[in-house]
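Comments concern the structure below.
The values are calculated or read from the model by the stated rules, or taken from the named source; none is laboratory data. Please read these numbers as outputs of a predicted model, since none were measured by experiment. FYI the Cβ positions are ideal-geometry reconstructions off the backbone, even for glycines, and counts take in every protein chain you see.
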Amino acid sequence: MSDLIRILLVDDDEDDFLLTREMIQETGGRFVVEWISTYRDAIRAIKNETHDVYLIDYRLGERDGLDLVRSAIAGGCKAPLIMMTGAGDRRVDMAALAAGAVDYLVKERLSAELLERSIRYALERKRNEQLLHDAGERLEAQVAGRTAELTVSNRRLQGQIEDRKQAEQTLIEREIQLRASEERYRIICEKSSDGIAILQGGKAVFVNPALAGIMKTSKGLLLESPVMNGFHDSYRKTFLGLVLTSPTWTEGRKRIQFEKARKVLSRWGVCMV
């Protein structure tokens with residue numbers, strides 16, 4: 001890759017071009033200087049993007065250097081633009097920098113050293129700007145990628161939250177339904193004229209008032225002891241004889257005996273569940 005620095009001088013005065021080229025050559029740098037004298041040709045050359053830096057004279061016939069700088073910047077020119085003028089004018093100086101020029105040089109004060117430094121600084125500044133721009137784009141890409149990942153994660157989390165809320169709501173509704181069903185069952189049992197008991201491990205965990213009345217005792221006493229203790233000995237032996245089964249019986253035989261016991265208790269006015 002060549003390390004030559006290609007310079008385009010835009011100036012409608014050929015003598016100024018020759019003087020400027022001579023000063024550049026005096027610096028001993030690896031510069032190649034080309035010359036264009038009109039605004040229109042300069043616009044075409046800048047669009048081609050074949051030069052590293054542009055030296056633009058303020059006077060260009062019908063158009064001036066400020067117009068060229070603005071057009072070049074608007075057209076996407078990335079190379080540095082240096083404005084040059086025959087005499088110092090602060091107004092032009094400020095306007096040139098505002099338009100996008102990186103430096104402003106007065107020809108009558110120009111030297112080879114000053115010109116070379118201006119070109120070198122302009123190139124270094126543009127290089128740093130490009131590095132900063134590239135770093136910014138990489139950072140934006142990383143931020144965009146991370147933002148996309150966070151967006152996906154957030155949507156997934158929101159979905160999980162919604163699923164959990166739905167599951168919790170379903171459980172709450174089922175719990176309400178279960179409690180309502182239990183309450184209806186309790187009311188039915190409490191108002192039933194049949195004696196009803198719920199047994200667990202041989203002891204009553206629930207007895208209704210009718211059963212307490214049949215057995216002529218209180219619900220509290222029935223709940224504190226094996227429920228069969230409240231029956232007459234002959235009733236209890238009959239019931240136990242029906243429900244005590246041989247270890248070798250099948251589940252079907254056990255169920256038959258349980259149903260027989262249920263019928264016996266039913267004749268006594270007791271409902272077994």
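Would you confirm, using the coordinates I've provided, whether LEU150 is out of contact with any Ser or Thr (no Cβ under 7 Å at 6 or more places or on another chain) and surrounded by 14 or more Cβ atoms within 10 Å (Cβ to Cβ)? No. Per the conditions (1) loosely packed, with under 12 Cβ neighbours inside 10 Å; (2) part of a helix (DSSP H, G or I), the sole criterion not satisfied by GLU190 is (1). Go through the range 27-62 residue by residue and tally those that are β-branched (Val, Ile, Thr) and at pLDDT below 90. Residues that pass the stated criteria total 1. Within the range 201-212, can one find any residue that is at pLDDT below 90 and surrounded by fewer than 11 Cβ atoms within 10 Å (Cβ to Cβ)? There is at least one residue in the range 201-212 that is at pLDDT below 90 and surrounded by fewer than 11 Cβ atoms within 10 Å (Cβ to Cβ). Looking across ARG109, ARG30, one residue alone is of a type outside the set (A, V, I, L, M), within 55 Å of the chain's Cα centre (by Cα) and loosely packed, with under 12 Cβ neighbours inside 10 Å. It is ARG30.
Please indicate, with yes or no, whether at least one residue in the range 116-124 is closer than 30 Å to ILE5 by Cβ, basic (Lys, Arg) and surrounded by 10 or more Cβ atoms within 10 Å (Cβ to Cβ). Scanning the range 116-124, I find at least one residue that is closer than 30 Å to ILE5 by Cβ, basic (Lys, Arg) and surrounded by 10 or more Cβ atoms within 10 Å (Cβ to Cβ), so the answer is yes. Within the range 1-11, how many residues turn out to be among the acidic types (Asp, Glu), modelled with pLDDT of 90 or more and more than 13 Å from LEU110 (Cβ to Cβ)? Of the residues in that region, 0 qualify.
The condition (being among the aliphatic types (A, V, I, L, M), out of contact with any Cys (no Cβ under 7 Å at 6 or more places or on another chain) and free of Cβ contacts under 8 Å to residues at least 12 places away in the same chain) is satisfied by just one residue among LEU18, LEU9, LEU68, LEU110: LEU18.
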